[in-house]
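Bear in mind that the values in this text are calculations on the coordinates, not laboratory data. Small disclaimer: the values here were computed from a predicted structure and weren't measured. Cβ placement follows ideal geometry from the backbone for every residue including glycine, while neighbour counts extend to all protein chains displayed.
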Amino acid sequence: VLKLSFDAEFESPIIHPLLECDWDHYLSEKKKELKGDTWEFPSSVMCFIDGQFVGDEKSLVLWANTSWGYRDYRPLALYKALADDDYTKYMKARK
């Protein structure tokens, strides 16, 4: 949404779909790489701004609100439905 609202300010996101097991492996390796507080970081979501770790999705939304006036009004169920839909499309495309 920030990219759509402030196109010139943000680069286009690069998205790599991962299965849950691949994502878990990525998180584990990223935590080892970053060390420190991230080693015990409990969330399955890790957000970065300009390469700097900021926390989970709640931390990212807080940053977006503070920096850009962004308010996340969408319910969690919508994000779950979008994720499920993308997962289904990804699995069908692999066949």
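Within the stretch 1-60, being among the acidic types (Asp, Glu), part of a helix (DSSP H, G or I) and either touching a His at 6+ places or on another chain (Cβ under 6 Å) or over 26 Å from Lys89 (Cα atoms) (or both) holds for Asp7, Glu9, Glu29, Glu33, Asp37, Glu40. Contact map, the stretch 44-66: residues that are free of Cβ contacts under 8 Å to residues at least 60 places away in the same chain and at negative phi paired with residues that are among the β-branched types (Val, Ile, Thr) and assigned to a loop (DSSP other than H, G, I, E, B), Cβ distance under 9 Å, separation 6+ or inter-chain. Pairs shown: Asp56/Val45; Glu57/Val45; Lys58/Val45; Leu60/Val45. Identify all residues within the stretch 56-83 that are of a type in the set (Ser, Thr, Tyr) and within 24 Å of Thr38 (Cα to Cα); write none if there are none. Within the stretch 56-83, Ser59, Thr66, Ser67 meet the criteria. Are any residues in the stretch 61-90 outside any helix (DSSP H, G or I) and charged (D, E, K, R), and if so, which ones? Once the filter is applied, which keeps residues that are outside any helix (DSSP H, G or I) and charged (D, E, K, R), the stretch 61-90 yields Arg71, Asp72, Arg74.
Within the stretch 72-91, being within 16 Å of Glu57 (Cβ to Cβ) and basic (Lys, Arg) holds for Arg74, Lys80.
Condition check ((1) within 21 Å of Pro13 (Cα to Cα); (2) surrounded by 10 or more Cβ atoms within 10 Å (Cβ to Cβ); (3) among the aliphatic types (A, V, I, L, M)) across all residues:
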{"residue": "Ser28", "(1), (2), (3)": "no, yes, no"}
{"residue": "Lys31", "(1), (2), (3)": "no, yes, no"}
{"residue": "Lys35", "(1), (2), (3)": "no, no, no"}
{"residue": "Met46", "(1), (2), (3)": "yes, yes, yes"}
{"residue": "Gly51", "(1), (2), (3)": "yes, no, no"}
{"residue": "Gly55", "(1), (2), (3)": "yes, yes, no"}
{"residue": "Leu60", "(1), (2), (3)": "yes, yes, yes"}
{"residue": "Pro75", "(1), (2), (3)": "no, no, no"}
{"residue": "Tyr87", "(1), (2), (3)": "yes, yes, no"}
